[in-house]
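The values are calculated or read from the model by the stated rules, or taken from the named source; none is laboratory data. Just so it is clear, the structure is predicted and the values come from calculations on it, not from any experiment. We place every Cβ from the backbone using ideal geometry, glycine too, and count neighbours over all the protein chains shown.
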Amino acid sequence: MYTSDSYVLPSTEGNINVANQWHNAPLAFWQTQLNFATWCATTGCGVSVHDHLRGHYDFAPDSRNLSQLIFRFHVYYQTRKILHQISAPLPTDESWNRYNNTYNHTAYQAVCTEFDVDPKSDWRLNRGTEWLARGPGSIITRFGSELQSYLRQSASEAENGFVYSMIDQTQGFTHAGIDRLNDSLRTYVWAILGSQSEQRTPILGSGTAFTAQQQFLTNVEAAIEQDGNTSVVKYQDVLQYARSKLDFVLGEQLCMCPSDMYLVVGRIQLQQRDSGCYHSHASRHKPESEHRKTAVYSDP
């Protein structure tokens, strides 16, 4: 979804437009849009680093692993979905601009309303960031002496700055979080089981499994770009076709899912959208003897 090169803002010296943008319209920056979407998918949902992304403490080891994987998928999926909702181009899009990335203001306000947060909230990364717009001191240009303007970020402090949008410990899922988590769960189940049924091959291992893994990525991308949530009908249909047993409960008011659905975390390279091509690189595979439905996605 992003690289540190696309997230960290390069220093701009003497650029009054960038400095003014940071002060007056900070949500125009790609970095700030990603911070907002990450906040929604985590803090705004009640999903925390300690309790969910690192594995819930009151689950047995196997259940804790599945819980952790589902919540990580949720953060990736909902972050992407929110960015799509506000029409924010990704770094893989030709129209992407780190300093002035277009977005839909009306859609942004609608998402803020959903999460009960003030649209005027400050989503900027302030840690390791210095900026000045026509401040004290001067620089010499070909037009003469001008007041200083700059925007600087420390690469070491800003590289993973979006994590500062995440809460460490949860106070419970929010109303918006329950709706979003259920959408993520339905998509998780539908994308894995649907990819196997569509390609008529297990998603485990290598060889023909690669086509199922590619289909999984295609299914997730389709769910991100569709209007609304993954429907209950899709979720129920794919469960009925696969004859999967619903025996895992992630939390109160959340959909159930099969307990044998594990993701193998790897890296996904998203090419330019006009190529329509998505490449998956799995970091490891579980042995087929485990008989688990396994998919591959990119760790957020």
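Pick from segment 213-229 the residues that are exposed (fewer than 13 other Cβ atoms within 10 Å of the Cβ) and acidic (D, E): which of them is farthest from the chain's Cα centre (by Cα)? Of everything passing the filter in segment 213-229, D227 is farthest from the chain's Cα centre (by Cα).
Scanning segment 213-240 for residues that are farther than 15 Å from C255 by Cβ and not in a helix (DSSP H, G or I) gives Q226, D227, G228. For Y99, the conditions (1) surrounded by 17 or more Cβ atoms within 10 Å (Cβ to Cβ); (2) modelled with pLDDT of 95 or more all hold with the exception of (2). Residues of segment 19-38 that are buried (at least 18 other Cβ atoms within 10 Å of the Cβ) and either not in a helix (DSSP H, G or I) or not assigned by TED's automatic domain parsing to the domain that holds E130 (or both): F29 alone. All of V232, V238, V296 fail the test of being surrounded by fewer than 19 Cβ atoms within 10 Å (Cβ to Cβ) and either modelled with pLDDT of 80 or more or over 14 Å from R186 (Cα atoms) (or both), apart from V232. Given the condition touching a Leu at 6+ places or on another chain (Cβ under 7 Å), in contact (Cβ under 8 Å) with a residue 60 or more places away in the chain and part of a loop (DSSP other than H, G, I, E, B), answer yes or no: does some residue in segment 106-118 qualify? Within segment 106-118, not a single residue is touching a Leu at 6+ places or on another chain (Cβ under 7 Å), in contact (Cβ under 8 Å) with a residue 60 or more places away in the chain and part of a loop (DSSP other than H, G, I, E, B). For T92, the requirement of being among the polar types (S, T, N, Q) and either closer than 18 Å to I178 by Cβ or exposed (fewer than 15 other Cβ atoms within 10 Å of the Cβ) (or both) is not met. Of everything listed in (1) at pLDDT 90 or above; (2) surrounded by fewer than 21 Cβ atoms within 10 Å (Cβ to Cβ), the single unmet condition for L185 is (2).
Among the conditions (1) crowded, with 16+ Cβ neighbours inside 10 Å; (2) in contact with a helix residue (DSSP H, G or I) (Cβ under 6 Å, 6 or more places away or on another chain), Q253 misses just one, which is (1).
The C-beta contact set for segment 5-18 (first residue part of a helix (DSSP H, G or I), second residue buried (at least 16 other Cβ atoms within 10 Å of the Cβ) and of a type in the set (S, T, Y), distance under 9 angstrom, 6+ apart or interchain) comprises I16/S149; N17/Y99; N17/S149; V18/T12; V18/Y99; V18/S149; V18/Y150.
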